[in-house]
Structure formats: C-alpha cells, structure tokens
1. Might you let me know whether the range 123-137 holds any residue that is surrounded by 13 or more Cβ atoms within 10 Å (Cβ to Cβ), over 17 Å from the mean Cα position of the chain (by Cα) and among the aliphatic types (A, V, I, L, M)?
2. Check Leu63, Leu26 and return the single one that is more than 13 Å from the chain's Cα centre (by Cα) and among the aliphatic types (A, V, I, L, M).
3. Please work out which residue is surrounded by the fewest Cβ atoms within 10 Å (Cβ to Cβ), limiting yourself to the range 71-122 and to residues that are touching a helix residue (DSSP H, G or I) at 6+ places or on another chain (Cβ under 7 Å) and of a type in the set (A, V, I, L, M, F, W, C).
4. Can you tell me which of (1) of a type outside the set (S, T, N, Q); (2) surrounded by 16 or more Cβ atoms within 10 Å (Cβ to Cβ); (3) in contact with a helix residue (DSSP H, G or I) (Cβ under 8 Å, 6 or more places away or on another chain); (4) at pLDDT 90 or above is the one Asp164 doesn't meet?
5. Might you let me know whether the range 51-69 holds any residue that is crowded, with 19+ Cβ neighbours inside 10 Å, in a loop (DSSP other than H, G, I, E, B) and modelled with pLDDT under 85?
6. Can you tell me which of (1) modelled with pLDDT of 90 or more; (2) of a type in the set (Ser, Thr, Tyr); (3) part of a helix (DSSP H, G or I) is the one Ser9 doesn't meet?
7. If you take the residues of the range 30-50 that are in a helix (DSSP H, G or I) and not polar (S, T, N, Q), which of them is farthest from the chain's Cα centre (by Cα)?
8. Looking only at residues in the range 138-149 that are of a type in the set (Gly, Ala, Ser) and surrounded by 14 or more Cβ atoms within 10 Å (Cβ to Cβ), which one is modelled with the highest pLDDT?
Amino acid sequence: MLSMLLLSSAGTVLTKMRTEVCASNLRQIGMAMNLYANEHENYFPEVYPAEDTTWRWKLKPYLGMPDNSMGKSPLTNEAGVFVCPSFDKRTAPTRAYSYVLNAKMTKLQTYWQYNRNKVPAATTIMVVEFNENTEQFIQWDASMASKGVARRHVGTKANYLFVDGHVEAFSETLTASDPRWYSAP
C-alpha cells in the first residue's frame, strides 16, 4: 500500500515538474523572440520567410543552440526548449511541433505583421502549445478553436506564451474572437 502511494506521489510530482519545464521553455522562447526583435527593429522572426529559415531556426543563436541542432529533414524539426517534456512524438503526427506561433501575428493579418509594438504585450498570445505538423496556429472561425492545441498538463491545460514573455495555462478553449489572440486598435 505504501509503495502504491509513493508511486502515485512520484507520478504527480513528475507531471507537475513537466508542466513547469514547459512553462520555462516558453519563457526562454519569449526571451529569445524579444532579443531577436531588439536587433530587428521590433519585428519578430517570420514563420515562413523568403529565405526559407523559419522562426525557430532564427532563434537558435539567442538560445545557444548549435546550427545543426534542428532544421529540414533529415535533421530533427525541433530540439531543446522547442520541445515540451510532455510532448509524445510516438503518438504525434509526423514532424509535429510542441509550440507554434499565433498566426494572427503573421503577414496574413494587416495589423500585427510580426511587429511587437503593434499589440498590448501583456495581453496578446504569441506562442501556443500544439500537436500538429505546422509552424503556426490558424483559427479563423469557431470550428478551428481547439484544433491542434495540446492540453498536456494537469487539469487538461495548455501553456500560452504572451508577447511580454509571461506564460499562462488555460484549460478552456480560446475562441477565434478571444482578444488574447489579436488586439486591433
């Protein structure tokens, strides 16, 4: 009986630890995104830029990651802080990602377009936990509200990184009209 309690406690501790490591990963990504923006006139790296170097690859130097740590196949598509410790690649779609950018920050929108000064940093989501083969989360309508969002943590929560670098966990589905995705003037 005691051994069962100890195993149960160890499992709970491990689960909570993974949640905290995930939040730490996202905070590091947030710091790297903002360091990048500091050097690029307040613009974040693009999802699919013309030079074929995605936002993750552009952040590697800010995270101290070697050039060959991830990239196009046959290299792994993500490594280090870009992998949630609760992400199970065995059950995920091929080349699925742990974290993706909020697509409403991209050039698909006429307002934000990667410029961190165009949104309220403390209330706008920049990165979300995910489980699909894509670099960005597109949700233009209610039917897409939770597609791909990965609720891997205690209480079926997903971690979200905001532009200012803080992380929050939500269990509810954030609809396409939720102002945390995008805030126009």
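The values are calculated or read from the model by the stated rules, or taken from the named source; none is laboratory data. Computed from a predicted structure; not experimentally measured. Cβ: placed from backbone, ideal geometry, glycine included. Neighbour counts: every protein chain shown.
1. In the first step, residues of the range 123-137 are kept if they are surrounded by 13 or more Cβ atoms within 10 Å (Cβ to Cβ); the result is 124-137.
Applying the additional criterion that residues be over 17 Å from the mean Cα position of the chain (by Cα) yields none.
For the range 123-137, residues surrounded by 13 or more Cβ atoms within 10 Å (Cβ to Cβ), over 17 Å from the mean Cα position of the chain (by Cα) and among the aliphatic types (A, V, I, L, M): absent.
2. Within the list Leu63, Leu26, the selection yields Leu63.
3. In the first step, residues of the range 71-122 are kept if they are touching a helix residue (DSSP H, G or I) at 6+ places or on another chain (Cβ under 7 Å); the result is 71, 75, 78-82, 84-86, 98-99, 101, 111-112, 114, 116.
Retained after the next criterion (residues that are of a type in the set (A, V, I, L, M, F, W, C)): 75, 79, 81-82, 84, 101, 112.
Numbers: Leu75: 13, Ala79: 17, Val81: 23, Phe82: 24, Cys84: 26, Leu101: 28, Trp112: 23.
By that ranking, first place goes to Leu75.
4. (2)
5. No - not one qualifying residue is present in the range 51-69.
6. With (1) modelled with pLDDT of 90 or more; (2) of a type in the set (Ser, Thr, Tyr); (3) part of a helix (DSSP H, G or I) applied to Ser9, the lone miss is (1).
7. Glu39
8. The first filter runs over the range 138-149 and keeps only residues of a type in the set (Gly, Ala, Ser), leaving 142-143, 145-146, 148.
From the residues that got through so far, the ones that are surrounded by 14 or more Cβ atoms within 10 Å (Cβ to Cβ) too are 145-146, 148.
On the way: Ala145: 62, Ser146: 63, Gly148: 76.
Checked the range 138-149; the qualifying residue modelled with the highest pLDDT is Gly148.
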